[in-house]
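FYI, it's all coordinate maths here, none of it is from the lab. Small disclaimer: the values here were computed from a predicted structure and weren't measured. Neighbour counts are summed over all protein chains in view; Cβ atoms, including those assigned to glycine, are modelled from backbone coordinates with ideal geometry.
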Amino acid sequence: MAQPACKLCGFGEVSWPNWRMPPHLHERHHELIVVLDGQMLLKTSGAEYMARAGDLLFYRQGLIHEEISQRNAPVHTLFIAFSSTAPLPAFPLHAPDSDGRVKELVWWLVQDLRQRRAMDDCSHLLAAIIGELEWLRTRARDPWLENVSAYLRANYAKKLSLPDLARHAQMSRFAFIRKFKKHVGRTPMTELRMTRLNEARNLLLSTNLPVKSIAPRVGLGDEFQFSKLYRRHFGLSPRQTRTRS
């Protein structure tokens, strides 16, 4: 499907313990929010949503909405704003980004813009994000997969094993691997490792935490093991990622 002609208008990051945005609307642009951590209550006319890590929020132009960070779980988000010269598909207001593809694309886009690249130069990333939103809109959601993915996202920093994941899914290990791979295209443990590495890269880019403290925080053991896996996955060492950023 051809994507609407969209133009990037702005970007940013919110990481404030007492974040609260009173009811407002955007007259000339749409906004996409990626929830990285914490929880945020979203209020619109006639509906409320509790957005958590791994969720996406799409505010269509003209939508009145209010945002309230939760005190016991301060929200941390990325956002991009863009305009469109053609009507957009009916993207959902609140949706899970189960495999983290939208989050990764938005991270790349924000990092490019922070390096002072012109917004027009990032149009290919914006088009990819719109494409991912369209895919999320049209795919049939499997409640089983959503449940397993949410459990994995919430517990990736713990010592999770394949039996742990299979037990949560209430399946045998063999049946769980087969069903998960059919839906996702990779094994559960590969998905867990990718989730951990992606979260590690987010911490490298968004914090000043030393590498040796990031490894155990995302469940990747010691610094040596973490660096080896990270380089194999991204083609750069953790320190090179931070230096280039």
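Loop-only check: which trypsin sites (Lys or Arg not before Pro) in segment 156-208 are DSSP coil with at most 15 other Cβ within 10 angstrom?
Taking segment 156-208 and a limit of 15 other Cβ atoms within 10 Å, the loop trypsin sites (Lys or Arg not before Pro) found are Lys158, Lys159, Arg186.
Quickly work out the Glu146-to-Cys9 label distance, labels modelled 7 Å from Cα along the C-beta direction, and quote it in nm with one decimal.
2.9
Taking 0.36 nm per residue of separation and subtracting the Cα-Cα distance, what length does fully extending Thr243 through Arg173 add?
Working: separation 70, 0.36 × 70 = 25.20 nm, distance 4.08 nm.
Extending this stretch completely gives an extra 21.1 nm.
Quick one: if the Förster radius is 35 Å, what FRET efficiency do Glu48 and Leu205 give, using the C-beta to C-beta distance and rounding to 0.05?
Working: r = 32 Å, r/R0 = 0.90.
With a Förster radius of 35 Å, E is 0.65.
Using the alpha-carbon atoms, what tilt in degrees (0 to 90, nearest 10) does helix 173-184 show relative to the longest principal axis of the chain?
30
Quick check on the exposure proxy: order Trp144, Trp107 from fewest to most C-beta atoms within 10 angstrom.
Details: Trp144 14, Trp107 20.
By the 10 Å Cβ count, ascending, the order reads Trp144, Trp107.
Under unit Cβ charges (Lys, Arg +1; Asp, Glu -1), what dipole magnitude, rounded to 20 debye, does the chain have relative to its Cα centre? Working shown, then result.
Numbers: 36 positive and 23 negative charges, 223 e Å.
Around 1080 debye, computed over the chain.
For the cross-link pairs Lys182/Lys212; Lys43/Lys158; Lys159/Lys228; Lys179/Lys228; Lys181/Lys212; Lys158/Lys179, which exceed 27 Å when the distance is taken from alpha carbon to alpha carbon? Show your work: numbers first, answer last.
On the way: Lys182/Lys212 35 Å; Lys43/Lys158 32 Å; Lys159/Lys228 19 Å; Lys179/Lys228 29 Å; Lys181/Lys212 32 Å; Lys158/Lys179 23 Å.
Beyond 27 Å: Lys182/Lys212; Lys43/Lys158; Lys179/Lys228; Lys181/Lys212.
In whole Hz, with x marking every Gly and Pro, tabulate ³J(HN,Hα) for segment 92-103 from phi via Karplus 6.51 cos²θ - 1.76 cosθ + 1.60, θ = phi - 60°.
Taking θ as phi minus 60°, the curve returns x, 5, 10, 8, x, 9, 4, 9, x, 5, 5, 4 Hz for segment 92-103.
Applying the Karplus parametrisation 6.51 cos²θ - 1.76 cosθ + 1.60 with θ = phi - 60° to the phi angles of segment 105-110, what ³J(HN,Hα) value in whole Hz is obtained for each residue in order, glycine and proline being reported as x?
Running phi through 6.51 cos²θ - 1.76 cosθ + 1.60 with θ = phi - 60° gives 5, 5, 4, 4, 4, 5 Hz.
Segment 26-67: which GluC sites (Glu not before Pro) are DSSP loop and have at most 11 other beta-carbon atoms within 10 angstrom? Could you put the intermediate results ahead of the total?
Details: sites: Glu27, Glu31, Glu48, Glu66, Glu67; in loops: Glu27.
Qualifying residues, ordered by number: Glu27.
Using a basic spin-label model with each label point 7 Å from the Cα along Cα→Cβ, how many nm lie between Asn18 and Lys182?
5.3
Roughly how many debye, to the nearest 20, is the charge dipole of segment 143-244 about its Cα centre, given +1 on each Lys and Arg Cβ, -1 on each Asp and Glu Cβ, and no other charges?
Details: 21 positive and 6 negative charges, 57 e Å.
So the magnitude is around 280 debye.
Sorted by average packing, counted as other Cβ atoms within 10 angstrom per residue and highest first, what order do 53-64, 230-241 take?
Working: 53-64: 18.2, 230-241: 15.3.
Per-residue Cβ counts within 10 Å, averaged per peptide and sorted highest first, yield 53-64, 230-241.
Simple spin-label model, 7 Å along Cα-to-Cβ: Leu25 to Arg60 in nm?
Between Leu25 and Arg60, the label points sit 1.2 nm apart.
Here are labelled values, (1) 0.96; (2) 1.10; (3) 1.04, and one is the computed Rg/Rh (Cα atoms, Kirkwood Rh) for what I pasted. Which one?
(1)
Could you give each residue of segment 5-12 its phi-based ³J(HN,Hα) in whole Hz, using Karplus coefficients 6.51, -1.76, 1.60 with θ = phi - 60°, and x for Gly or Pro?
After applying 6.51 cos²θ - 1.76 cosθ + 1.60, I find 6, 10, 10, 6, 10, x, 7, x Hz.
Work out how much length Gln70 to Leu236 would gain on full extension: take 0.36 nm times their residue separation and subtract the Cα-Cα distance, in nm to one decimal. Mind showing how you got there, number by number?
Details: separation 166, 0.36 × 166 = 59.76 nm, distance 3.57 nm.
In short, 56.2 nm is gained.
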